[in-house]
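Working notes, beginning with the structure itself.
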Amino acid sequence: MSTSGEVSESIEMYLVSIATLQAEEQPVPISLLAEQLSHSPVSINEMCRKLVERGWASYQPYKGVTLTVEGQALAEKVLCRRRLWEVFLVEHLGAEPQEAEAFACQLEHATEDDLAERLAAFLTYPTYSPQRKPIPSLFGAGEERPARSLATLATGQCGQVINVVADEAVKEFLNGHGVCPGITLKVLAVAADGSLLLEISGRHLSLSRPVALSVDVAPLTETAPFDAGPNPRPNGGSALSSSRDPDASEANGGGDCS
Ligand SMILES: [Zn+2]
């Protein structure tokens, strides 16, 4: 089974490996690819020839391979499936992020377009994996969704947690309630004092505004886009309500769950 009919699992793994490696170095040396895939340079050469024949990669002698636009798109399609399965396995089956990635690498090759779309919708279109790797868009070149503070989300809006920047006690508290990078949540209500009622993994959680400010999220477009129209939060006059500035100082923080 494969994600696009004629593309075999091993071709998909080559495409994904080259895509990952070429983010660091381009073209990708055959030796590096051989190491990554634990294949002999001879079989790597043979496969690269196939990729070139099919228009998915170009090859420069003594330098290595580079994906074409078409090859890159195929690689992102597979990676998108992998990351979606990772989110599913971690959020809904309680898998550890690393074991989730290994399982997801098997599932990605057996995930047809229709299933991938249903999975993405079920997960409310996450943008980051549990290991905080960006998820390529199902629909081609991704729209960047910049992070903002959870406290800026409006009632009804969903977001995916990207980072938590707080002291250990607060992080531990949030972690204990499932607020970790990669998790999606929904704002059910915003109180007059700015505190939030959230739905997260089917449970409800109330966070004070200062705590919500320490959580960075990528808003998901389930409701109206964030920038369309006035912010409905009751204390919209606050300096903190309409800008990312208060969070700028958090940019270098950690925020790992676990
Ligand atoms: Zn795989």
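Straight-line reach from LYS171: which lysines have a Cα under 29 Å away, not including same-chain ones fewer than 8 places off?
Counting by Cα, and skipping residues close in sequence, LYS171 has these lysines nearby: LYS133, LYS186.
Which order do LYS50, LYS186 fall in if you start with the one that has the fewest other Cβ atoms within 10 Å?
So the ranking, lowest neighbour count to highest, is LYS50, LYS186.
In vacuo Debye scattering of region 9-67, one point per C-alpha: log10 I(q)/I(0) at q = 0.15, 0.21, 0.23, 0.30 Å⁻¹?
For region 9-67, the Cα-only Debye profile gives -0.33, -0.68, -0.84, -1.58.
By per-residue mean of other Cβ atoms within 10 Å, what is the highest-first order of 131-138, 152-159, 25-32?
152-159, 131-138, 25-32
Give a residue-ordered list of calculated ³J(HN,Hα) values for region 193-210 (Karplus: 6.51 cos²θ - 1.76 cosθ + 1.60, θ = phi - 60°; whole Hz; x for Gly, Pro).
7, x, 6, 10, 9, 10, 10, 9, 6, x, 10, 9, 8, 10, 10, 5, 4, x
Can you order the peptides 207-216, 95-104 by their average number of other Cβ atoms within 10 Å per residue, highest first? Mind dumping the intermediate values first?
Values: 207-216: 20.9, 95-104: 17.0.
Descending packing order for the listed peptides: 207-216, 95-104.
Can you tell me which lysines have their Cα less than 27 Å from the Cα of LYS63? Leave out same-chain residues fewer than eight positions away.
LYS50, LYS77
Given H placed 1.01 Å from N in the peptide plane, which residues other than close sequence neighbours of ALA57 have an amide H under 5 Å from its amide H?
Here VAL52, THR68 satisfy the definition.
What's the FRET efficiency of LEU197 with ASP114 using the Cβ-Cβ distance as r and R₀ = 41 Å, to the nearest 0.05?
Numbers: r = 35 Å, r/R0 = 0.84.
Here the calculated transfer efficiency is 0.75.
No value in this document is a laboratory result; all are computed from the given coordinates. Just so you know, these numbers come straight off a predicted model, no measurement behind them. When we count neighbours, we look across all protein chains shown, and the Cβ atoms used for this are built from the backbone with ideal geometry, even at glycine.
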